[in-house]
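**Student:** Sending over a structure as structure tokens; questions will come in a sec.
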């Protein structure tokens with residue numbers, strides 16, 4: 001594998017994930033198949049999917065460009081040997097831990113600072129109730145600044161042990177699919193049972209109340225900093 005093929009793998013991975021996100025969104029919006037798992041009773045606005053499509057497409061294009069270019073640039077520093085499976089798991093988990101610290105404080109700042117809230121972050125909060133592709137419904141500046149978290153994660157973990165190609169692919173796939181499901185407004189039985197990981201309802205409550213529940217992946221940040229919303 002060379003830098004170009006690795007970059008194309010990343011782009012292809014994102015295309016497949018978001019095709020699934022598109023199908024997931026259409027099922028939620030236009031069928032009753034998963035209705036019993038919905039968290040909010042609030043109805044979706046008529047035509048909202050197509051009205052927001054331009055911003056979805058713009059931000060998804062930004063995602064493809066940054067992820068494709070970034071993966072091309074970092075390829076020389078990646079290891080082709082993924083090593084033992086537990087190293088792979090620890091690396092992916094470590095990147096998520098570092099990213100989530102960044103996201104918690106970055107997300108909280110978007111709420112505490114009224115200028116950022118009104119001019120930037122308020123766009124994303126129009127997604128109430130959200131559906132999967134609403135993870136793309138952000139101000140472009142907020143969207144791009146959000147990429148800083150994973151970059152910091154890769155740098156920190158890379159200083160501890162060489163990051164493999166497999167680590168990047170697995171992290172990228174899990175992160176993107178999680179963002180898609182996190183905005184689904186669905187409390188699915190199996191996924192809602194995973195301990196210590198924030199549930200869809202955790203983020204859904206944040207969308208409906210516009211405050212608290214700032215963490216994305218691990219619920220303990222909101223508990224430590226006393227920003228967890230009560231059920």
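The values are calculated or read from the model by the stated rules, or taken from the named source; none is laboratory data. Please read all numbers here as calculations on a predicted model, not as lab measurements. Glycine also receives a Cβ, built like all others from the backbone with ideal geometry; neighbour counts cover every protein chain displayed.
**Student:** Since residue 31 meets every condition but one in (1) surrounded by fewer than 18 Cβ atoms within 10 Å (Cβ to Cβ); (2) closer than 16 Å to residue 171 by Cβ, which condition does it not meet?
**Tutor:** All conditions pass for residue 31, except number (2).
**Student:** Here is a check on your reading of the model: is residue 102 over 24 Å from residue 157 (Cβ atoms) and free of Cβ contacts under 8 Å to residues at least 60 places away in the same chain?
**Tutor:** On the way: over 24 Å from residue 157 (Cβ atoms): no; free of Cβ contacts under 8 Å to residues at least 60 places away in the same chain: yes.
No; evaluated as a whole, the condition is false for this residue.
**Student:** Is there a residue in region 106-121 that is touching a residue at least 60 places away in the same chain (Cβ under 8 Å), within 15 Å of the chain's Cα centre (by Cα) and under 28 Å from residue 226 (Cβ atoms)?
**Tutor:** Checked against the condition, which is being touching a residue at least 60 places away in the same chain (Cβ under 8 Å), within 15 Å of the chain's Cα centre (by Cα) and under 28 Å from residue 226 (Cβ atoms), region 106-121 yields at least one hit.
**Student:** Could you grab me the full set of residues in region 67-94 that are part of a loop (DSSP other than H, G, I, E, B) and either surrounded by 12 or more Cβ atoms within 10 Å (Cβ to Cβ) or out of contact with any strand residue (DSSP E or B) (no Cβ under 8 Å at 6 or more places or on another chain) (or both)?
**Tutor:** 78, 82, 83, 84
**Student:** Sticking with this structure for a sec: Residue pairs, Cβ under 7 Å, 6 or more apart or interchain, first in region 220-231 and on the phi < 0 side of the Ramachandran plot and touching a residue at least 60 places away in the same chain (Cβ under 8 Å), second in a helix (DSSP H, G or I) and surrounded by fewer than 13 Cβ atoms within 10 Å (Cβ to Cβ). List them.
**Tutor:** If the second residue must be in a helix (DSSP H, G or I) and surrounded by fewer than 13 Cβ atoms within 10 Å (Cβ to Cβ), no pairs are left.
**Student:** Looking for whichever is at pLDDT below 95, surrounded by fewer than 18 Cβ atoms within 10 Å (Cβ to Cβ), in contact with a strand residue (DSSP E or B) (Cβ under 9 Å, 6 or more places away or on another chain) and at positive phi here; the options are 196, 191. Which one fits?
**Tutor:** 196
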